[in-house]
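Some notes on the structure that comes next.
The values are calculated or read from the model by the stated rules, or taken from the named source; none is laboratory data. This one's a predicted model, so the numbers in the text were calculated from it and none came from an experiment. Positions of Cβ are generated from backbone atoms using ideal geometry, with glycine treated the same way; all protein chains shown enter the neighbour counts. Heads up: the accessible areas ignore ligands, DNA and RNA and are worked out on the full protein's heavy atoms, side chains in. Shrake-Rupley method; radii C 1.70, N 1.55, O 1.52, S 1.80 Å.
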Amino acid sequence: MPAVRLIGPNNEQLGVVPTQRALAHAQDLGFDLVEIAPNSTPPVARILDFGKYRYAEQQKAKEAKKRQRSVTWKEIRITPKIDEHDIETKIKSASKFLDEGDKLKVTVRFRGRELAHPDRGRVLLLQVADRLKDHGIVERMPLLEGRSMIMVMNPVRRDAQGAPTPQAPGTTTPPAPAAGAPAPPRPAAPAAPAPTPAAAAPAPAPRPAAAAPAPAPKPTAPPAPQTASATPPSSPRPAGTPTPAPSAAPRKRTN
């Protein structure tokens with residue numbers, strides 16, 4: 001190749017340069033010249049350490065191999081005259097195989113004159129597929145091959161289905177507005193409640209005014225002694241009766 005598109009060791013673009021010049025430049029830097037895109041025009045070469053490059057590619061291949069899963073085939077065989085208890089056992093095994101990610105082949109084998117009624121085997125296979133619909137899907141419908149009728153099922157991808165997340169009771173997700181439609185008005189925030197006036201503090205009880213000092217009592221004259229009289233007290237008179245005038249006391253006559 002006469003020229004290559006050269007990429008430096010730090011992923012810088014060095015343009016299209018002759019091959020010999022690119023090789024000499026790589027040797028001067030102490031690296032190797034590795035062709036990474038031979039099918040492009042011109043081919044793309046990069047200056048790097050080939051030992052580290054090969055080790056990184058090996059690690060990538062190992063990681064890809066770990067993530068790769070080989071397809072495993074499982075098979076269950078039934079007959080047209082199978083009993084209900086036996087078919088339940090077969091279905092349990094088939095559901096286990098499908099849940100593990102294996103492909104399932106269900107085979108109905110006809111013996112003797114049973115081949116004269118292939119519709120019975122077809123009905124039986126469809127019943128099995130209906131019972132396993134939660135574990136796998138039918139890849140190939142029942143098909144008669146010689147003296148056997150075969151149906152193939154694939155496992156259901158659990159990670160692709162994604163079970164819906166239950167919402168909390170009482171919460172609903174509003175629908176997304178259509179393109180170009182005005183956004184619906186948002187409800188205004190509820191107004192803050194007016195502050196409740198504080199209860200009036202009880203007025204303090206009025207204090208009793210200081211009592212004025214009582215005046216000193218005036219000295220009173222002792223009451224005059226009264227002389228006892230032998231006159232009996234007069235009886236009470238009815239109201240409105242005039243009081244008689246006192247009569248003159250009789251004088252004593254002397255000779």
Taking the Cα centre of segment 1-156 as origin and charging only Cβ (+1 Lys, Arg; -1 Asp, Glu), how large is the dipole, in debye to the nearest 20? 520 debye
Please list, in order along segment 118-131, the HN-Hα scalar couplings obtained from phi with the Karplus expression 6.51 cos²θ - 1.76 cosθ + 1.60 (θ = phi - 60°), rounded to whole Hz, x for Gly and Pro. x, 5, 5, x, 5, 4, 5, 5, 5, 5, 4, 4, 5, 6
If you take every residue apart from Val71 with its C-beta less than 10 Å away from the C-beta of Val71, what net charge results, scoring Lys and Arg +1 and Asp and Glu -1? +1
Between Asp49 and Arg109, what length comes free when the chain is fully extended (0.36 nm per residue of separation minus the Cα-Cα distance, one decimal in nm)? 15.4 nm
If eta is 1.306 mPa s and T is 10 °C, what Stokes-Einstein diffusion coefficient results for segment 1-64, Kirkwood Rh from Cα pairs, in µm²/s? 130 µm²/s
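Excluding Asp86 itself, what net charge comes from residues whose Cβ is under 15 Å from its Cβ, given Lys and Arg +1 and Asp and Glu -1? Write out the running numbers ahead of the final one.
Numbers: positive: Arg77, Lys81, Lys90, Lys92, Arg109, Arg131; negative: Asp83, Glu84, Glu88.
Every neighbour counted, the sum reads +3.
Probe radius 1.4 Å, ligands and nucleic acids ignored: give me the carbon and sulfur share of the accessible area of segment 57-164 as a rounded percent. Each step should come with its number before you reach the end.
Details: 3760 of 7720 Å².
Summing carbon and sulfur atoms, their accessible area is 49 percent of the total for segment 57-164.
Taking the mean number of other Cβ atoms within 10 Å as a proxy for protection, how do you rank 57-65, 40-48, 137-145 from highest to lowest? Walk me through the intermediate numbers first.
Details: 57-65: 9.6, 40-48: 17.1, 137-145: 13.6.
Final packing ranking: 40-48, 137-145, 57-65.
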Leaving ligands, DNA and RNA out of it, work out the accessible area of His117 with a 1.4 Å probe and give it in Å² to the nearest 10. 90 Å²
Would you mind counting up the charge near Leu144? Only other residues with Cβ under 14 Å from its Cβ, with Lys and Arg at +1 and Asp and Glu at -1. +2
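For Ser148, Ser93, give me the order by solvent-accessible area with a 1.4 Å probe, most accessible first, ignoring ligands, DNA and RNA. Working shown, then result.
Numbers: Ser148 25, Ser93 50 Å².
Order by accessible area, largest first: Ser93, Ser148.
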With r as the distance between the Cβ atoms of Glu145 and Lys81 and R0 = 25 Å, compute the FRET efficiency 1/(1 + (r/R0)^6) and round to 0.05. 0.80
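Per residue, how many Å² of accessible area does segment 12-151 show with a 1.4 Å probe?
On the way: 9830 Å² over 140 residues.
On a per-residue basis, 70 Å².
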